[in-house]
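Data block below; observations after.
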Amino acid sequence: MDFLPYLCNMNIEEIKDKRIAVLLSGGVDSSVVVYEFARLGLHPDCFYIHIGPEEDQSGAGGKEEWDCSSEEDLEMATAVAHKYGCRLEVVDCHREYWDRVTRYTMEKVKAGFTPNPDVMCNRLVKFGAFDEKRGQEYDLIATGHYAQTEWIDGMKWLTTSPDPVKDQTDFLAQIYDWQLRKALFPIGHYMKEEVREIAEREHLVNAKRKDSQGICFLGKISYNEYVRRYLGENPGDVIELETGRRIGEHKGLWFHTIGQRKGLGFGEGPWFVIKKDVPRNILYVSHGYDPQDAYKKDFMIHDFHLLTAPIDSERVTFKIRHTPDYHPAILEKVGEKQYLVHSEHPIHGVAPGQFCVVYDQDHHRCFGSGEIGSQP
């Protein structure tokens, strides 16, 4: 089945009259997007969004390492665009990324929250800053996200990918309705292994390239390095929740998330992060395996962002992190853009600042997402 008529609610001849832009990152997913258009006889304009480090960042884990990753990405993108006869243009969104996404991230982590830079990057850069610079000239903007769009009763919905591990609707649940109307996800109906098979069959230059890890656009830069670069370190006590015993020192509350187990570096483990006391700069951990304090069934979400239409049932499914799991719940509206989530089962690691992404009961249509508020 040709994906474009299904996704666009148009026939192939109508689509050929549309101006289509592809955000080509140099990875295998967006490269297969270009192939999907080419096999239909379409040659869309391709754009590589360039994000670099701040000018004064250099040295270990800094500008040199970052530029190396960016150069490789651009080389891959150039080769793929050339293979399929597409024009490639580099769009510099460096300043927008640092002014918008980095500022959002640092303000949240300083307040003790757990933000998701990738969520805001899609809203503010890929479908935001790009549209301001070049996207307004195009009717449709295609990316390599594992997500789908469907027209249901005359409305365009963000819907989940059949690959539950790779599904990225949670990263897209904060985009604006006008961004969704222009969005295309041509590989969203595939499983990841199918995309790899296409890339190898078509002899794409990046067919065997590993998937990127960590924050989008940051290449080999880890999240902790990203935060350390802008906030530095702020040492404080690590306290065992049950006994009040000091077991060590953390380098900054912003390097830890509620429910975290790996990478804590304290003896006598395993330890689990239970809560943060931001004013006193204390990290509370528990020595027990998944203690009850780390689980919640009821929590508040605020500033809920709707994608297409109001939530049409109190029975929903949701997720609070990028995992294959969807949790059934009752959603209670308690105010303007505010909901109380009543999960059927206790959820581990509910942390303020995370996005709670809400779906229908079949976890197919994505309604949108809201930010988890501070918990009592």
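The values are calculated or read from the model by the stated rules, or taken from the named source; none is laboratory data. These numbers were taken from a predicted model, which means no experiment stands behind them. With ideal geometry, Cβ positions are generated from the backbone for all residues, glycine too; neighbour counts draw on all protein chains shown. Each accessible area value is taken on the protein alone, full model and side chains, heavy atoms only, with ligands, DNA and RNA left out. Shrake-Rupley method; radii C 1.70, N 1.55, O 1.52, S 1.80 Å.
Tabulated data
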{"quantity": "Segment 304-374: C-alpha gyration tensor shape, a/c 1.5 cut-off, then a/b vs b/c", "calculated": "rounded"}
{"quantity": "Rounded accessible area per residue of segment 221-376, 1.4 Å, Å²", "calculated": "48 Å²"}
{"quantity": "Three-way shape call for segment 141-193 based on the alpha-carbon gyration tensor, with the a/c threshold at 1.5", "calculated": "prolate"}
{"quantity": "Rounded to the nearest 20 debye, dipole of segment 63-204 from Cβ charges on Lys, Arg, Asp, Glu", "calculated": "460 debye"}
{"quantity": "Label point distance in nm, His322-Lys297, each placed 7 Å from Cα along Cα→Cβ", "calculated": "3.1 nm"}
{"quantity": "Average accessible surface area per residue within segment 107-155, 1.4 Å rolling probe, Å²", "calculated": "36 Å²"}
{"quantity": "Assigned charges on the beta-carbon of Lys, Arg, Asp, Glu; the chain dipole about Cα centre (debye)", "calculated": "500 debye"}
{"quantity": "Heavy-atom accessible area order for Met155, Met120, largest first, 1.4 Å probe", "calculated": "Met155, Met120"}
{"quantity": "Anchor Lys166: lysines whose Cα lies under 21 Å away (excluding residues fewer than 8 positions away in-chain)", "calculated": "Lys126, Lys192, Lys208, Lys210, Lys220, Lys319"}
{"quantity": "Hull-based mean projected area of segment 102-247, where the convex hull spans the alpha carbons, in square nanometres", "calculated": "13.2 nm²"}
{"quantity": "Accessible area of the chain belonging to carbon and sulfur atoms, whole % at 1.4 Å probe", "calculated": "47 percent"}
{"quantity": "Option label - mean projected area of the Cα convex hull in nm² computed here, alternatives (1) 19.2; (2) 40.7; (3) 20.8", "calculated": "(1)"}
